[in-house]
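These notes concern the structure reproduced below.
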Amino acid sequence: MSEVSVPQNCYEMAYYLLPGYVYNEKEKVIAELSMGRIGAMFFYTIVCLQKEEEPTPEAMNALKVNSGEFDNYNYHIITYPTPPPVDTDISIEDMIAGRQRQVLAPYFSAIIEEKSSQKMRYFILGQSPDGLTTLRTVTIDEEGMTNANLGRGCTVDVNAFITMLQEFLHREN
């Protein structure tokens, strides 16, 4: 397995697999993640099986799930294995053109359900090309999947991420 396999698998889980479940199979994703880290391991294993790879014990052991509520929201936050640091010497142009490969891996995924409407939201705190973090959201509609950058992220700490999400959702309302 290559060095980028675990970060790449986490990227695929965060940016492709989970949004499909969040927006199309809400009950399934909530049921799986309600079981804690076993639910995160389930989704990671799906990505590995799709690529005909064996999940590494290190990656599986690093996955965590925090569940709780704030304001009018229930949440499940997946913590991914710590990715290697971003090589800030690689230009964005080289990354986009595929001349140099770098995975901007996720640190956390947040599945947020508004209690009153049961509307689902999905956020990711991931690596940024400058070595910091970025807050992103992935949505799915009749036109397909959209991955949007919402700006600078917080420190890589689950409590800071929860606070950032609370503030973001409060500003939206």
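Values for this structure:
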| quantity | calculated |
| --- | --- |
| Contacts under 9 angstrom Cβ, first residue in region 78-90 being touching a residue at least 24 places away in the same chain (Cβ under 8 Å) and under 20 Å from A40 (Cβ atoms), partner polar (S, T, N, Q) and assigned to a loop (DSSP other than H, G, I, E, B), 6 or more apart | P81/T56 |
| Strands (runs of 3 or more DSSP E) contained in region 102-147 and holding at least 1 residues open to solvent by 10 Å² or more (accessible area, probe 1.4 Å) and of a type in the set (F, W, Y) | 106-114 |
| Among the candidates E143, E113, residue that is under 14 Å from G20 (Cα atoms) and over 12 Å from the mean Cα position of the chain (by Cα) | E143 |
| Within region 50-78, tally of residues that are more than 16 Å from Y11 (Cα to Cα) and β-branched (V, I, T) | 1 |
| Test: residue in region 80-103 that is within 19 Å of Q8 (Cα to Cα) and touching a Ser or Thr at 6+ places or on another chain (Cβ under 6 Å) | no |
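Each row is one residue, and each column tells you yes or no for (1) among the polar types (S, T, N, Q); (2) under 21 Å from A160 (Cα atoms); (3) crowded, with 20+ Cβ neighbours inside 10 Å; (4) in contact with a Leu (Cβ under 8 Å, 6 or more places away or on another chain).
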{"site": "V6", "(1), (2), (3), (4)": "no, no, yes, no"}
{"site": "L18", "(1), (2), (3), (4)": "no, no, yes, no"}
{"site": "N24", "(1), (2), (3), (4)": "yes, no, no, no"}
{"site": "A40", "(1), (2), (3), (4)": "no, yes, yes, yes"}
{"site": "T45", "(1), (2), (3), (4)": "yes, no, no, no"}
{"site": "E58", "(1), (2), (3), (4)": "no, no, no, no"}
{"site": "L63", "(1), (2), (3), (4)": "no, yes, yes, no"}
{"site": "D87", "(1), (2), (3), (4)": "no, no, no, no"}
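The values are calculated or read from the model by the stated rules, or taken from the named source; none is laboratory data. These figures come from a predicted structure and were not determined experimentally. All Cβ positions, even for glycine, are placed from backbone atoms using ideal geometry, and neighbour counts span all protein chains on display. The accessibility values were calculated without ligands, DNA or RNA, using every heavy atom of the protein model including side chains. Shrake-Rupley method; radii C 1.70, N 1.55, O 1.52, S 1.80 Å.
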